[in-house]
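Here is the structure we will look at.
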Amino acid sequence: MKAIPVPITTLAWVAIMLLALSACGSGAREIRGELPLIRVEGLIVDGEQVTLTVGLRNVNDRTLDLRRLKVRMKVEDRLLLEADAQPQIDISARGRDVVTLRGRGQTAGLELLAQRFDQPAANDLPTASLNAQWSMELTLVDDRDRESGTRASGFLHPVPGRPGHFR
């Protein structure tokens, strides 16, 4: 009887161990408890009324149940909107939804937007090239009345041909 050469048995042993260890892997980690990603989908200013559309993206592997939203939005550090909504929405795992909040605009923020976008630019650039920095604090209340706060920021740009509309 011939003996199997040592190198082949060693290779076979290593292959068996690798297969056994790879079977012990835990797989993909479930994501839960993360706050949604937020972004401004649109902003409409009509006189003193402000309509803010906020996009929410659930990054979790579980449904996100939201019962209440509180928003505080500033434009260039001037308060534009404080609003509350009770959307009663369930955002599916890895899903998106849009929430619209309406409220009376704050004078400081409204004046800044009017100065920035309603006046012709001094350097003759079209107003569509102008922007205004915004920041937003969003408080989310889930179905268990737990509050979570998140922040976002970016730049508002006027929608061409639609006065008072921003994206």
Return the total of residues in the stretch 18-36 being modelled with pLDDT of 80 or more and of a type outside the set (Lys, Arg). 6
Go through (1) loosely packed, with under 15 Cβ neighbours inside 10 Å; (2) within 16 Å of the chain's Cα centre (by Cα); (3) in contact (Cβ under 8 Å) with a residue 60 or more places away in the chain for Glu34 and report which single condition fails. (3)
For the stretch 103-137, how many residues meet the condition of being modelled with pLDDT under 80, in a loop (DSSP other than H, G, I, E, B) and surrounded by 12 or more Cβ atoms within 10 Å (Cβ to Cβ)? 1
Could you please give the count of residues in the stretch 78-102 that are open to solvent by less than 40 Å² (accessible area, probe 1.4 Å) and part of a strand (DSSP E or B)? 9
Name the pairs whose Cβ atoms lie under 9 Å apart, with the first residue in the stretch 80-94 and closer than 14 Å to Arg68 by Cα, the second polar (S, T, N, Q), and 6 or more positions between them or separate chains? Glu82/Gln106; Ala85/Thr100; Pro87/Thr100; Asp90/Thr63; Ile91/Asn58; Ile91/Asn60; Ile91/Thr63
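Name every residue in the stretch 39-51 that is under 14 Å from the mean Cα position of the chain (by Cα) and not small (Gly, Ala, Ser), in order of residue number.
Step one: list which residues in the stretch 39-51 are under 14 Å from the mean Cα position of the chain (by Cα), which gives 39-42.
Correct list: Arg39, Val40, Glu41.
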What do you reckon, is Asp143 modelled with pLDDT under 95 and in contact with a strand residue (DSSP E or B) (Cβ under 6 Å, 6 or more places away or on another chain)? yes
Residues of the stretch 62-77 being within 21 Å of Leu113 (Cβ to Cβ), under 16 Å from the mean Cα position of the chain (by Cα) and open to solvent by 50 Å² or more (accessible area, probe 1.4 Å), in sequence order, are Arg72
Report, ordered by the first and then the second residue, all pairs with beta carbons closer than 8 Å, sequence separation of six or more or different chains, a first member in the stretch 44-65 that is in contact (Cβ under 8 Å) with a residue 40 or more places away in the chain, and a second member that is open to solvent by 30 Å² or more (accessible area, probe 1.4 Å) and of a type in the set (Asp, Glu). Thr53/Glu41; Val54/Glu41; Gly55/Glu41; Gly55/Asp97; Leu56/Asp97; Leu64/Asp90; Asp65/Asp90; Asp65/Asp143
Residue satisfying condition, being among the hydrophobic types (A, V, I, L, M, F, W, C) and surrounded by fewer than 16 Cβ atoms within 10 Å (Cβ to Cβ), within set Val59, Val40: Val59
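The values are calculated or read from the model by the stated rules, or taken from the named source; none is laboratory data. Small disclaimer: the values here were computed from a predicted structure and weren't measured. Neighbour counts are summed over all protein chains in view; Cβ atoms, including those assigned to glycine, are modelled from backbone coordinates with ideal geometry. For accessibility, only protein heavy atoms count, side chains too; no ligands or nucleic acids. Shrake-Rupley method; radii C 1.70, N 1.55, O 1.52, S 1.80 Å.
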